[in-house]
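Structure record follows, encoded as structure tokens.
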Amino acid sequence: MQSVLLGYGTVGKGVEKLVNTVDGLDMKAVFVLPEFEDLPYFSNDGEGLVTDPDVDVVFECLSGTEPSNTLIRKALQAGKHVITSNKATVAPNLEDYVKLAEENGGSIQIEASVAGGIPFLDAVLKLQKLEDLNGFEGIFNGTSNYILDQMQKEGQDLSTALRDAQAMGYAEANPTNDVEGMDVWYKTVITNMLAYNTKNDGLRKPLGISKLTPEDIALARGENKVIRHISRSVQKDGRYASVIAPAFLDRDDYLANVPSNYNAQLIYADSFDKIGLFGQGAGQMATAQAMLANALDTMEGTERPIRLDRNLKQDDSLIQETWLVRSEADLSSIPTARVKEESYWLIGPAGADVIDRIQELDPQAMIALWR
């Protein structure tokens with residue numbers, strides 16, 4: 001099979017390395033922006049590459065939503081097998097991509113867009129074939145996990161831990177998507193669709209880790225808890241709900257023991273209760289390995305199809321949790337709110353929509369799950 005590569009950054013270079021180890025899979029050319037086109041192997045004619053009749057597989061590793069979205073659509077319209085790691089492009093466009101693949105005889109594969117080198121989406125697609133999944137939860141962002149780990153183990157404040165993460169290459173120069181939870185938001189949108197075979201009904205905004213302080217770390221330590229940033233999703237009776245937030249977890253909780261920049265997930269269903277996965281959620285070779293695993297599926301005809309033939313609706317009441325809030329505002333008007341200690345409130349059990357009420361009373365409140 002002939003392939004082309006879109007993007008020649010960290011992950012793209014990893015894909016190139018691994019393609020060269022696979023018999024029967026050749027890399028014909030690489031699309032890069034014009035300023036990087038300096039060898040015959042590279043091209044800035046992205047549309048020409050993805051519509052080339054000799055090309056079977058398109059690896060998409062670009063950053064941002066354009067030109068990635070346009071080129072993915074062109075490739076699928078030309079009947080190509082598209083393998084992408086670009087969560088920001090996949091999350092809002094997956095329904096269209098699946099439809100284009102079905103109409104034109106190609107495929108869209110997205111294992112590397114969620115949880116990097118962990119075969120999480122593969123597990124989701126396999127497990128939901130037999131029965132409805134009850135939900136999933138996990139740590140989906142290694143940058144945030146590293147920062148929280150350093151804050152709790154080394155006593156660092158968030159800004160110091162963030163600088164360390166940037167120095168080690170775990171965090172971007174602009175870390176907003178990581179620390180404010182947008183990276184996890186994209187991944188949760190994608191996972192909801194695959195786990196529940198549903199079209200996208202949207203997702204509430206994430207709660208990030210930027211409001212956490214040493215005061216919160218001290219409270220967690222005193223209560224024998226560990227803070228992690230998690231995504232939690234539930235499906236029941238044709239509805240689903242998701243929340244992305246910091247969580248104060250008991251020390252023996254599975255997710256509380258995920259160190260450094262690692263990721264971990266749990267998948268829930270009636271037949272097996274829960275299944276856990278653990279590993280690197282990002283990085284050059286881990287992500288490239290996930291993309292090449294998709295390519296091998298294409299070569300062997302064993303791709304897991306993505307079907308989005310349901311229309312589940314969001315219902316925040318499905319997630320009933322206890323919420324920890326640090327706020328100087330009076331939150332006593334919220335049902336089930338009670339003072340824990342100075343500046344801290346416990347609220348719930350309550351649905352995720354309680355977040356809206358809290359933020360109405362105090363937009364700067366630190367809100368977390370208390371488990």
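The values are calculated or read from the model by the stated rules, or taken from the named source; none is laboratory data. The structure presented is a predicted model; accordingly, all values stated were derived computationally and were not measured. So basically every Cβ, Gly included, is an ideal-geometry build from the backbone, and we count neighbours across all protein chains shown. Remember, those area values only see protein heavy atoms, side chains included, never the ligands or the DNA or RNA. Shrake-Rupley method; radii C 1.70, N 1.55, O 1.52, S 1.80 Å.
Observations on the model:
- Volume per residue for region 228-363 equals 174 cubic angstrom (convex hull of Cα atoms).
- Region 236-275 - convex hull of alpha carbons, volume per residue in Å³: 111 Å³
- With every protein chain in place, the chain: carbon and sulfur % of accessible area (1.4 Å): 47 percent
- For the chain, the per residue solvent-accessible surface stands at 42 Å², with DNA, RNA and ligands left out and a 1.4 Å probe.
- Here the Karplus curve 6.51 cos²θ - 1.76 cosθ + 1.60, taken at θ = phi - 60°, turns the phi angles of region 146-163 into couplings of 4, 4, 5, 4, 5, 4, 8, 8, 10, x, 7, 7, 4, 5, 5, 4, 5, 4 Hz, with x standing for Gly and Pro.
- The distance separating the Cα centre of region 101-134 from that of region 1-30 comes to 21 Å.
- For the residues 221, 326, 232, a GNM of the chain with alpha-carbon springs under 10 Å puts the largest fluctuation on 221.
- Residue 236 long-range amide H proximity, modeled H, under 5 Å: none
- Antiparallel DSSP beta bridges within the chain, as percent of all bridges there, nearest 5: 65 percent
- Excluding same-chain neighbours fewer than eight residues apart, the lysines reachable from residue 340 by a Cα-Cα span under 21 Å are 211, 225.
- The chain - Debye-derived log10 I(q)/I(0), Cα point model, q = 0.08, 0.09, 0.15 Å⁻¹: -0.42, -0.53, -1.28
- Relative contact order of the chain, defined on C-alpha pairs under 8 angstrom at six or more residues apart (%): 17 percent
- C-alpha center-to-center spacing [region 42-90, region 297-312] in angstrom: 18 Å
- Vicinal HN-Hα couplings computed from phi for region 205-219 (Karplus, 6.51 cos²θ - 1.76 cosθ + 1.60; Hz; Gly/Pro x): 4, x, 9, x, 9, 5, 8, 6, 10, x, 4, 5, 4, 5, 4
- Translational diffusion coefficient of region 1-121 (Stokes-Einstein, Kirkwood radius from Cα pairs, 10 °C, 1.306 mPa s): 112 µm²/s.
- All lysines inside 30 Å of residue 126 as judged from Cα atoms, apart from same-chain residues fewer than 8 positions distant: 13, 17, 74, 80, 87, 99, 187, 199, 205, 236, 274, 313
- Judged by the gyration tensor of its Cα atoms, with axes a ≥ b ≥ c, region 256-316 is oblate; a/c meets the 1.5 cut and b/c is at least as large as a/b.
- For the options 187, 17, 199, a Gaussian network treatment of the chain with springs between C-alpha atoms closer than 10 Å singles out 17 as fluctuating the most.
- Computed FRET value (nearest 0.05) for residue 41 with residue 167, which takes r as the C-beta separation and R₀ as 35 Å: 0.60
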